[in-house]
Amino acid sequence: MEYTRRIFHLVLANAMHVKNVPGRKTDVKDAEWLAKLLRCGLIESNFVPPEDIRDLRDLTRYRKKLIHHRTSEQNRIHKILQDANIKLTSVLSDIFGVSGRRILEAILNGEKIETDGLRKMVDWRTKASITDIANAINGRIRRHHRDMLRYHWEHMGYLEETIEELEKQIDQLLSPYRKEVELLDGIPGVNKAAAATFIAEMGVDMSVFKSAKHLASWAGVSPGNYESAGKKKRVKPHKEIKL
């Protein structure tokens with residue numbers, strides 16, 4: 001028996017657009033009504049990026065989520081240090097920098113930090129004096145504090161390793177788009193990470209968007225304007241682009 005392969009065009013429609021069209025109700029009638037709208041050309045397809053851009057989008061969005069998780073773990077470490085009366089944040093601008101990490105690892109290991117040892121831990125670029133740092137870490141840390149710090153520290157390390165792996169995969173997927181990345185990186189306030197996000201969300205083919213306004217609407221940065229009885233109400237932007 002021979003099978004004939006049929007090629008068909010799949011349309012991804014925006015439910016918000018179809019919702020405003022009268023008719024239907026119940027699933028069966030909905031399907032019939034949508035089929036009639038499609039035959040009449042009243043359903044417009046939304047933007048669906050190519051496969052490599054969709055893969056890049058998954059990675060960049062997951063990277064963003066992991067960065068938020070890492071920030072949460074860092075905030076928890078801050079809280080535990082404050083609870084133990086360790087005021088590292090008052091002497092170090094970033095306690096997760098080179099000097100801060102060395103000191104935190106020593107605290108986690110239960111080491112007795114002397115002045116000579118502290119001088120080896122602190123990077124030469126640190127503005128705070130050794131005396132100020134020694135006074136800042138002279139707190140009251142208990143076994144419970146060390147255990148909680150270790151949980152958050154190990155989880156933070158795992159997140160950082162995963163983020164690093166994601167960065168490598170993102171860099172590989174961006175190989176065909178080096179020119180676009182360089183152009184976006186040249187915009188003030190846009191770095192390579194932001195350029196990767198732009199490409200992942202919008203792609204590189206701007207011809208799929210009818211105008212810049214459609215692109216802004218699709219990206220969700222086009223604010224709504226709702227005014228009733230002389231009063232303006234705040235409306236959350238919606239992705240309403242039609243392609």
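The values are calculated or read from the model by the stated rules, or taken from the named source; none is laboratory data. All of these numbers come straight from a predicted model, not from anything done at the bench. Ideal geometry is used to build each Cβ from the backbone, glycine not excepted, and the neighbour counts take in all protein chains shown. We work out accessible area using only protein heavy atoms, side chains counted, and drop any ligands, DNA or RNA first. Shrake-Rupley method; radii C 1.70, N 1.55, O 1.52, S 1.80 Å.
Give G110, G100, G117 a once-over and let me know the one that is in contact with a helix residue (DSSP H, G or I) (Cβ under 8 Å, 6 or more places away or on another chain) and at positive phi.
On the way: G100 fails: at positive phi; G117 fails: at positive phi.
It is G110.
Please go through (1) in contact (Cβ under 8 Å) with a residue 40 or more places away in the chain; (2) within 30 Å of L173 (Cα to Cα) for G157 and return the number of the only condition it doesn't satisfy.
(1)
Which members of the range 31-53 meet the condition of being under 16 Å from W218 (Cβ atoms) and part of a helix (DSSP H, G or I)?
Hit for the range 31-53 is I53, nothing else.
Is it true that T60 is without any contact (Cβ under 8 Å) to a residue 12 or more places away in the chain and among the β-branched types (V, I, T)? Working first, answer last.
Details: without any contact (Cβ under 8 Å) to a residue 12 or more places away in the chain: no; among the β-branched types (V, I, T): yes.
In short, no.
What pairs come out if I take residues in the range 82-104 that are touching a residue at least 60 places away in the same chain (Cβ under 8 Å) and pair them with residues that are assigned to a loop (DSSP other than H, G, I, E, B) and surrounded by 15 or more Cβ atoms within 10 Å (Cβ to Cβ) whose C-beta lies under 8 Å away, six or more apart or interchain?
What qualifies is A84/G139; A84/I141.
Out of the residues in the range 183-195 that are part of a helix (DSSP H, G or I) and under 18 Å from R61 (Cα atoms), which is least open to solvent (accessible area, probe 1.4 Å)?
Going through the range 183-195, the residues part of a helix (DSSP H, G or I) turn out to be 183-185, 192-195.
With under 18 Å from R61 (Cα atoms) added as a condition, the list becomes 192-195.
Numbers: K192: 135, A193: 43, A194: 29, A195: 0 Å².
Selected residue: A195.
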